[in-house]
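Here's the structure, in structure tokens; my notes come after.
What follows draws every value from the coordinates through simple rules; no lab data is involved. What you see is a predicted model; the values in this text were computed from it and never measured. We place every Cβ from the backbone using ideal geometry, glycine too, and count neighbours over all the protein chains shown.
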Amino acid sequence: MRITTVGLDADDTLWHNESIFRLTQDRFRALMADVAAPDVLDAKLAEVERRNLAVYGYGVKGFTLSMIETAMEVTGHRAPARIVADILAAGREMLTHPVEPLPGVEAALADLARDHRLVLITKGDLLHQEQKLAASGLGDLFAAVEITSEKDAATYARVFDRDGTGAAEAVMCGNSLRSDVIPALEAGAYAAHVAYPLTWAHEMADPPLGHPRFAELASISDLPAWVRGL
């Protein structure tokens, strides 16, 4: 099989992301410690995030708004202004947090880019994702960038048709089984899962073990050799 195109997820595949969300959620728990127990607050925030995904989409801005909404709900809509201000400050710090590529990413992408067309396929806020890609120093390695509201089989089929030679000759690599692996396989592509130590509950799914086009890789450094072997 001739592989012409390699799609790559961004957050927690190329650079750290979920760890920053977790640190901010710890900060949120501390802010709300006098109002709600951590487990109660976490459950309410998860509920609000799920409810808001269709409205705000993915990313820091939606998360910040969901924290504010959660604070309002657990205080009976009487959250002090200082708490709202602190939540907004935490969200602003997330948006300006330094971008730190994961180990092995730059070398793996440079290797793949010699023989394949690289396409960044990521969900989230358009401006923030563009800023992170620019700050990462990896932008010149990509032939195309696709920032989407959702990743499903139709998304991958469309992207690989437009930015490559079709899903059958494409690989998708990412840390999310739900967003990066399963829908890419459904579209007819190959898919490699590179786990990140932390996974948002919304992105969890069972691995498609036994699927002939699926691979579980220990590191993104293993991706070029796996692609060459297809």
Subject >> Calculated from backbone phi, Karplus (6.51, -1.76, 1.60) coupling profile of region 131-148 in Hz, x at Gly/Pro >> reply: 5, 5, 4, 4, 6, 6, x, 9, x, 5, 7, 9, 7, 7, 10, 10, 10, 10
**OP:** Please check which bits of region 91-118 a label hung off LEU23 would reach, taking the label as a point 7 Å along Cα-to-C-beta and the cut-off as backbone N under 14 Å.
**Re:** 91-101
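Quick check: convex hull over the Cα atoms of the chain, volume per residue in Å³, rounded to an integer?
Values: hull volume 26.2 nm³, N = 230.
Spread over its residues, the Cα hull of the chain gives 114 Å³ apiece.
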**OP:** Mind jotting down the distance between the C-alpha centroids of region 1-24 and region 85-129, whole Å?
**Re:** 7 Å
Subject >> Under 16 Å from LYS151, Cα to Cα: lysines that are on another chain or at least 8 residues apart >> reply: LYS123
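What percent antiparallel are the DSSP beta bridges of the chain, to the nearest 5?
5 percent
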Original post:
Nearest 0.05, what FRET efficiency do ASN52 and HIS211 give at R0 = 45 Å with Cβ-Cβ as r?
Top reply: 0.90
Original post:
For region 76-89, in order, what is each residue's ³J(HN,Hα) by Karplus, 6.51 cos²θ - 1.76 cosθ + 1.60 with θ = phi - 60°, in whole Hz (x at glycine and Pro)?
Top reply: x, 6, 10, 5, x, 4, 5, 5, 4, 5, 5, 5, 4, 5
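Could you give the length gained by full extension between ARG2 and TRP226, i.e. 0.36 nm per residue of separation minus their alpha carbon distance, to one decimal place? Don't skip to the answer; put the middle values down first.
Numbers: separation 224, 0.36 × 224 = 80.64 nm, distance 1.27 nm.
Once the chain is fully extended between ARG2 and TRP226, it gains 79.4 nm.
Let me know the shape class of region 18-95, please: from the alpha-carbon gyration tensor, a ≥ b ≥ c as square roots of the eigenvalues, rounded when a/c is under 1.5, otherwise prolate if a/b is greater than b/c, or oblate. Walk me through the intermediate numbers first.
Numbers: a/c = 1.38, a/b = 1.20, b/c = 1.15.
Here region 18-95 falls in the rounded category.
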Original post:
So what is the relative contact order for the chain, in percent, with contacts set as C-alpha pairs under 8 Å and at least six apart?
Top reply: 26 percent
Original post:
Order of LEU198, LEU177 from fewest to most other C-beta atoms within 10 Å?
Top reply: LEU198, LEU177
Subject >> Amide hydrogen neighbours beyond the local backbone of GLY166, cut-off 5 Å, H modeled >> reply: ASP161
